[in-house]
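Data block below; observations after.
Laboratory data are not the source of any read-out in this text; all were calculated from the coordinates shown. Here the structure is a predicted model, which is why all the values come from computation and not from measurement. Don't worry about glycine lacking a Cβ; one is built from the backbone with ideal geometry, like all the others, and counts go over all protein chains shown.
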């Protein structure tokens, strides 16, 4: 594992920091925040601009889970269930991006 401080890697670290902020908001149960959706928007735009693909099933299922989390009429248990999987998918995206940063 070697970190090469190229502009792409540093930008990827900034995107990872935004995703980490979204994870903190999900851990604090701020489900009405737009930060997770904004983080996914930044991740999608970064991965389409740079040739570092992320598993599309992981990425787009996380977006769908973050959008479902915005509904207010869900029960408390179902909301925790959806929030857990939304946070897990965001952690998976962070894991894939960090593996790309540390491998190149």
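Gaussian network model of the chain, Cα springs within a sub-10 Å range: biggest mean-square fluctuation belongs to which of 15, 24, 94?
Judging by the Gaussian network model, the answer is 24.
Give the dimensionless ratio obtained when the Cα radius of gyration of the chain is divided by 2.2 N^0.38 Å. Spell out each step's value before the answer.
Numbers: Rg = 14.1 Å, N = 104, 2.2 N^0.38 = 12.8 Å.
Normalised Rg, Cα atoms only: 1.09.
Enter the angle in degrees (range 0 to 90, nearest 10) between the Cα long axis of helix 7-27 and the first principal axis of the Cα atoms of the chain, meaning the one along which they spread out most.
For 7-27 against the chain, the angle is about 20 degrees.
Is it possible to state the helix-based mean residue ellipticity at 222 nm for the chain, with each DSSP H run of 4+ residues giving -39500 (n - 2.57), the sum divided by total residues, to the nearest 500 deg cm²/dmol? What is it?
On the way: 4 runs with 77 residues, N = 104.
So the calculated ellipticity at 222 nm is -25500 deg cm²/dmol.
Report the FRET efficiency, 1/(1 + (r/R0)^6), for residue 17 and residue 58, where r is their Cβ-Cβ distance and R0 is 22 Å, rounded to 0.05.
Calculated transfer efficiency: 0.70.
Say each of residue 74 and residue 1 gets a label point 7 Å from the Cα, pointing the same way as Cα to Cβ; how far apart are those two points in nm?
3.1
So what's the gap between the Cα centers of segment 1-35 and segment 81-104, to the nearest angstrom?
Between the Cα centres of segment 1-35 and segment 81-104 lies a distance of 9 Å.
Would you mind checking segment 37-66 for residues with the amide N under 15 Å from a putative spin-label position 7 Å along Cα→C-beta of residue 30?
The answer is 37-40.
Please identify, among 22, 12, 49, the residue showing maximal mean-square fluctuation in a Gaussian network model of the chain using a 10 angstrom Cα cutoff.
Looking only at 22, 12, 49, the biggest GNM fluctuation is shown by 49.
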